[in-house]
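A.B. asks: Mind looking over this structure? Questions follow.
The values are calculated or read from the model by the stated rules, or taken from the named source; none is laboratory data. Being a predicted model, the structure only gives us computed values, none of them experimental. Positions of Cβ are generated from backbone atoms using ideal geometry, with glycine treated the same way; all protein chains shown enter the neighbour counts. The protein model used for the area step is the full one, side chains on, heavy atoms only, and it has no ligands, DNA or RNA in it. Shrake-Rupley method; radii C 1.70, N 1.55, O 1.52, S 1.80 Å.
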Amino acid sequence: MRLLKVATCNLNQWAMDFDCNMKNIKESIARAKEAGAVIRLGPELEITGYGCEDHFLELDTITHAWECLKDLLLGDWTDGILCSFGMPVINGSERYNCQVLCLNRKIIMIRPKLWLANDGNYRELRWFTAWKQKDQLEDFLLPHEISEALCQKSIPFGYGFIQFLDTAVAVEVCEELFTPIPPHADLALNGVEVFMNASGSHHQLRKLDYRIRAFISATHSRGGVYMYSNQQGCDGGRLYFDGCSCVVVNGDMIAQGSQFSLRDVEVVVAQVDLDAVAGFRGSISSFQEQASCKTKISSVAVQYSLCQPFNLKMSLSGPLKITYHSPEEEIAFGPGCWLWDYLRRSGASGFLLPLSGGADSSSVAAIVGCMCQLVVKEIANGDEQVKADAIRIGRYANGEFPTESREFAKRIFYTVFMGSENSSQETRMRAKKLADEIGSWHLDVSIDTVVSAFLSLFQTLTGKRPRYKVDGGSNVENLGLQNIQARIRMVLAFMLASLLPWVHNKQGFYLVLGSSNVDEGLRGYLTKNLCYRWGARLTPSEVAEKVKHFFKYYSINRHKMTVLTPSYHAESYSPEDNRFDLRQFLYNARWPYQFRKIDELVKELDGEKVPFGESSDHEKMGTTLDGGGGMGVIAAGSGNPKAGH
């Protein structure tokens, strides 16, 4: 038997914080060594952090990454263990997303990413170039300072694998696994038995199953050991990287890390039998036939053995049941972990939430409550970093620390019900009851006097006093009054977040939490011809009116997405303008051509024809609207003032 012990990890990296990242990397290596592992895999771009974005275009970022790698190689970190480190590398004039494979204080090879993630939230082609020379490895001259320190002048760079004396190991980087022809297919035919996938994959509801099925599929028909490492946490942006590092052998999951956790470092270790891989492949006739006529891939020979012979003290890692969370748990744990990272890394002392008693703000409050429970749980499990952060944020003294989530929430979470004469007693009581269950410091305030002051000022200036629609006012008056209430609540929230810590003799400031949903941000997410879906209960003209209504108000309100506060990305779609839904914000809200084509289609469905060029009613109805909208987190006293509500 050729026994191999491998370690992969979840690391909570922070973009551009090299000290934090190096601390986590070193701790993961130390734990892997302590467990007896001879291979250690870390996440994609772990040295810099995955979310550096345009900082990847700065030479300092590349330079600091090399300095950190030098620090790792000059110490004993890679002694007796093959380590794969993720970092950006410039080769010639191109910038590559690379895995640097190191052993015994030397760089063995650098493997650039072949296929870059460039859809949804990913923009890798903005910063990196995909490696296209797959037929051979080339010599890469190390930077002068690195070359002198390591006594290495050049190293192999490109697509290939490492051939050890007793096995072959290769890298597959994140997106490459999900391409139509993934690298592991040809690598397996070339005899590679161990695949290391370094990833920067963010959380999205129900996405984990898709990811795990890809690992299982990669080894179910080809055999092999598939290692997967991922970041875990908020590394400075809108995404939560959801860990779940794991090891799969011949289609079976044998080790799995957590998906949601507050820990900075989690190491997953497995002991595998590589002879089981060879036996599995030998039993697949088609694999043998295709391997006999394979396209040869370049390799780097290393005179070193990774495997150990069997002894009675060793036990193999066996198949286990895959752990999945329910959608409700994902919604609670993912944003809860993201908020904790945001809180502890922002320097804030807590959160403030305008709690209306409605579904959206109540959900946000519940997520903060879940965060508090996770903090107490991790402290009880012995996590010293979580404990230190909680003591600092909660202002504990004399050796005290959080032991109960409601008590911790009282220290770091304010909720405010901002009622008016139009608010119901039911929503007021719902807000108070939820705040009591969570443990937040709850305030109940009426904004009527402030609204009245605004209206009196307006009446003094104009001689008119607007009324709500229910009191006989017009749509314009009604909208204006609603906006006044929304803006007053926003300003009051920021004032409370800035000054309540001072009132209670605390230092720092509170982050204002907002709550909204995709429908409010977008006014729906619909396709352009919905007759097939609604035709049984609506006429074509009624469907057309709904479609026109949506696009009219979508285009009028699109500008609000440009000031959307930083918000948690949880679904396959987001209206967020900064990185996901990249569209203009100044539209012709009449949509003359498109609405005319809709009218033509309606006439056609009704058995009539409309002459080309005839204007529809909606073309003549240009209008504007300034309403609410916004979600996420923004620091009190900072950011665009329109973005906080």
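A.B. asks: Using a Cα-Cα cut-off of under 20 Å, which lysines could be cross-linked to LYS106, ignoring same-chain neighbours fewer than 8 residues away?
C.D. replies: Here the lysines satisfying the reach criterion relative to LYS106 are LYS26, LYS33, LYS70, LYS153.
A.B. asks: Measuring with a 1.4 Å probe in the full set of protein chains, what accessible area per residue, in whole Å², belongs to the chain?
C.D. replies: Result: 45 Å² per residue.
A.B. asks: Rank LEU434, LEU165, LEU11 by accessible area, highest first, at a 1.4 Å probe radius?
C.D. replies: I get LEU165, LEU434, LEU11, largest accessible area first.
A.B. asks: Here is a further query. Enter the accessible area of THR403 (Å², nearest 10), with the probe set to 1.4 Å and all protein chains included.
C.D. replies: We get 100 Å² for THR403.
A.B. asks: Same structure again: Give the residues of the range 141-181 whose amide nitrogen is closer than 18 Å to a point set 7 Å from the Cα of LEU74 in the direction of its Cβ.
C.D. replies: 142-153
A.B. asks: Ignoring any ligand, DNA or RNA, what whole percent of the accessible area of the range 263-322 comes from carbon and sulfur when the probe is 1.4 angstrom?
C.D. replies: That fraction is 53 percent.
A.B. asks: Still on this structure, please answer the following. Can you pull the accessible area of HIS220 for me, 1.4 Å probe, Å² to the nearest 10?
C.D. replies: That residue has around 120 Å² of solvent-accessible surface.
A.B. asks: Continuing with this model, one more query. Hey, what did the chain get for relative contact order, percent, Cα under 8 Å, at least 6 apart?
C.D. replies: So the answer I get is 11 percent.
A.B. asks: Over its Cα atoms, what ratio of radius of gyration to 2.2 N^0.38 Å does the range 335-464 give?
C.D. replies: In units of the 2.2 N^0.38 Å rule of thumb, it is 1.31.
A.B. asks: Determine which aspartates and glutamates satisfy two conditions relative to LYS552: a Cα distance under 17 Å, and not lying fewer than 8 residues away in the same chain.
C.D. replies: ASP519, GLU520, GLU542, ASP599, ASP617, GLU619, ASP626
A.B. asks: Can I ask one more? Check the straight Cα-Cα distances from LYS506 and name the aspartates and glutamates below 18 Å, setting aside those fewer than 8 residues away within the same chain.
C.D. replies: Those aspartates and glutamates meeting the cut-off are ASP389, GLU400, GLU407.
A.B. asks: Not counting the cut sites, what is the longest span of the chain without GluC sites (Glu not before Pro) that DSSP labels loop and that have at most 13 other Cβ atoms within 10 Å?
C.D. replies: The longest uninterrupted stretch comes out as 59-399.
A.B. asks: A further question on this structure: With +1 on each Lys and Arg Cβ and -1 on each Asp and Glu Cβ, how big is the dipole of the chain about its Cα centre, in debye rounded to the nearest 20?
C.D. replies: I would put it at about 960 debye.
A.B. asks: Quick check: residue separation of GLU404 and ARG467 times 0.36 nm, minus the Cα distance between them. What number comes out in nm?
C.D. replies: Separation in residues times 0.36 nm, less the Cα-Cα distance, equals 17.9 nm.
A.B. asks: Further question on the same structure: In debye to the nearest 20, how big a dipole does the range 105-160 give about its Cα centre with +1 on each Lys and Arg Cβ and -1 on each Asp and Glu Cβ?
C.D. replies: 140 debye
A.B. asks: I've got another one for you. Determine the gain in length on full extension of the stretch TYR304-ALA380; use 0.36 nm per residue of separation and subtract their C-alpha separation, reporting nm with one decimal.
C.D. replies: 23.1 nm
A.B. asks: Oh, and also: Under the 0.36 nm per residue contour assumption, what length would be gained going from the current alpha-carbon distance of CYS151 and ARG487 to full extension?
C.D. replies: Working it through step by step, the gained length comes to 114.6 nm.
A.B. asks: I would also like to ask the following. Work from the charge dipole of the range 354-499 (Cβ charges, +1 for Lys and Arg, -1 for Asp and Glu, about the Cα centre) and give the residue of VAL375, MET429, ALA486 farthest towards its positive end.
C.D. replies: So the residue we want is ALA486.
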